[in-house]
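All remarks here apply to the structure that follows.
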Amino acid sequence: YTKNCTEITLNNVQVRKKSDRPLSTNADATHYNNCRRGTLRIMNCIFEGQGDDGMNINTHYQAIATISTDRKTVTVNGRERVGQTLYGNIGDIFLVFSRHTFELLGSVQVESISRMGSTFSTALPKQANIYDLLLDANNTADFVYLHNTTFYGNRARGALLKTSNLLATHNTFSSNTGPGVQVYPDGVYWFEGSTVRNWTLSHNTFHNNNYATARMESDLFVAAEVPEWSGGKPSERNGFPAKTEAFHTLKITNNVFKQTRGEEAVAVYGVTNSEIQHNKVEQMNKGMKPKVNFKCVGCKNVAEKPNTCQPSPCVYSSSSPSTITYKQLQQGSTP
């Protein structure tokens with residue numbers, strides 16, 4: 001587990017379970033939180049039999065609790081922490097996101113930090129309100145390189161890759177109970193982010209994922225979770241994918257999906273200016289015909305063809321219920 005670190009390289013590291021053990025670790029094999037610029041490299045590794053995920057790369061949102069009259073000073077809440085001090089450094093740039101849509105409202109620069117109230121050099125964007133989310137733009141790696149690494153038999157997902165400027169190539173995601181790769185920035189409970197851009201997943205293999213405990217609707221799942229609202233307050237437990245343009249410039253190309261249950265290979269929500277092309281989907285059980293292979297909901301300027309599916313042809317969808325909860329996603333109750 002690393003926090004606020006920079007320039008990290010993990011090469012030829014293995015976290016594996018012994019043959020007579022049910023798990024190798026009871027949590028993530030590797031967890032990178034608030035990487036502070038620099039490059040994160042993970043190469044030639046094996047992460048097997050984790051009690052949670054093989055890898056989690058994220059930064060944290062903080063929710064606005066109060067706003068001063070001049071809109072320059074705020075107090076914030078974090079996950080299960082009311083009235084915490086703004087987590088960041090003086091001079092840092094904070095991005096401001098709508099809690100309702102994950103729309104980027106603008107940015108502000110930190111002038112002072114105090115538990116009684118942290119002050120920015122300029123006022124918050126006009127649309128920003130209490131409950132909206134702040135994210136320190138300095139707390140993310142400049143570049144993430146994930147190469148030739150295996151994620152096998154984890155109780156949850158293979159890898160949570162909630163980071164921009166990522167290149168993931170020639171990796172294997174196999175027999176994880178949830179998606180091989182998931183990007184699900186959370187504005188509900190965990191407050192883990194962030195939405196991503198310049199994110200490339202190419203020449204990877206997905207095999208027999210997404211079948212049990214952490215199941216979602218696809219082997220590769222990308223969405224931003226916004227909360228349900230009641231009485232003007234956000235739920236801390238129930239949310240659904242935002243359909244606004246939260247993700248930009250994703251390249252999901254030349255990957256192979258080998259499936260046994262006919263689930264969706266790729267499902268993305270709120271993606272713009274992206275490519276989902278030249279992927280291959282194979283059904284290992286004869287006679288299995290998925291209802292949908294590739295789903296793109298609330299997408300704009302996304303090239304989805306050509307891809308190859310067996311059995312053919314590939315089935316594409318842009319539809320989803322108006323609201324669908326995280327629990328329903330896990331149960332696979334989508335069209």
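Of all the numbered requirements in (1) touching a His at 6+ places or on another chain (Cβ under 9 Å); (2) modelled with pLDDT of 95 or more, residue 78 misses one, and that requirement is (2). Residues in the stretch 87-125 that are in a strand (DSSP E or B), among the hydrophobic types (A, V, I, L, M, F, W, C) and open to solvent by 20 Å² or more (accessible area, probe 1.4 Å): 93, 95, 104, 105. Scanning the stretch 213-238 for residues that are touching a residue at least 24 places away in the same chain (Cβ under 8 Å) and over 20 Å from residue 181 (Cβ atoms) yields 226, 227, 228, 229, 233, 234, 235, 236, 237, 238. Scanning the stretch 203-215 for residues that are buried (at least 24 other Cβ atoms within 10 Å of the Cβ), farther than 20 Å from residue 45 by Cβ and of a type outside the set (D, E, K, R) turns up at least one hit. Evaluated against (1) under 22 Å from residue 184 (Cα atoms); (2) touching an Asp or Glu at 6+ places or on another chain (Cβ under 9 Å), residue 104 falls short on exactly one condition, (2). Checked against the criterion of being modelled with pLDDT of 95 or more and at positive phi, the candidates 249, 253, 308 yield just one match: 249.
Yes/no matrix, rows are residues, columns are (1) touching a residue at least 40 places away in the same chain (Cβ under 8 Å); (2) within 20 Å of residue 31 (Cβ to Cβ); (3) not β-branched (Val, Ile, Thr):
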{"site": "118", "(1), (2), (3)": "yes, no, yes"}
{"site": "152", "(1), (2), (3)": "yes, yes, yes"}
{"site": "170", "(1), (2), (3)": "no, no, yes"}
{"site": "196", "(1), (2), (3)": "yes, yes, no"}
{"site": "205", "(1), (2), (3)": "yes, no, no"}
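Candidates are the residues of the stretch 144-185 that are hydroxyl-bearing (Ser, Thr, Tyr) and under 11 Å from residue 48 (Cα atoms); the one that is most open to solvent (accessible area, probe 1.4 Å) is 152.
Can you find, within the stretch 1-32, the residue that is most open to solvent (accessible area, probe 1.4 Å) among those that are part of a loop (DSSP other than H, G, I, E, B), closer than 28 Å to residue 86 by Cβ and of a type outside the set (D, E, K, R)? The extreme case among them is 1.
Suppose the filter is open to solvent by less than 30 Å² (accessible area, probe 1.4 Å), of a type in the set (A, V, I, L, M, F, W, C) and at pLDDT 95 or above; does residue 35 pass it? Taking the combined requirement at face value, the residue does not satisfy it. Screening the stretch 69-86 for residues that are in contact (Cβ under 8 Å) with a residue 24 or more places away in the chain and not in a strand (DSSP E or B) and picking the one that is surrounded by the fewest Cβ atoms within 10 Å (Cβ to Cβ) gives 70.
Assess whether residue 66 counts as being over 19 Å from the mean Cα position of the chain (by Cα), closer than 26 Å to residue 180 by Cβ, in a strand (DSSP E or B) and modelled with pLDDT of 90 or more. Taking the combined requirement at face value, the residue does not satisfy it.
The values are calculated or read from the model by the stated rules, or taken from the named source; none is laboratory data. Fair warning: this is a prediction, and the values are worked out from it, not measured in the lab. A quick note on method: Cβ atoms are made from the backbone with ideal geometry, for glycine too, and the neighbour counts reach across all protein chains shown. Accessible surface is based on the protein model in full, side chains and every heavy atom, while ligands, DNA and RNA are left aside. Shrake-Rupley method; radii C 1.70, N 1.55, O 1.52, S 1.80 Å.
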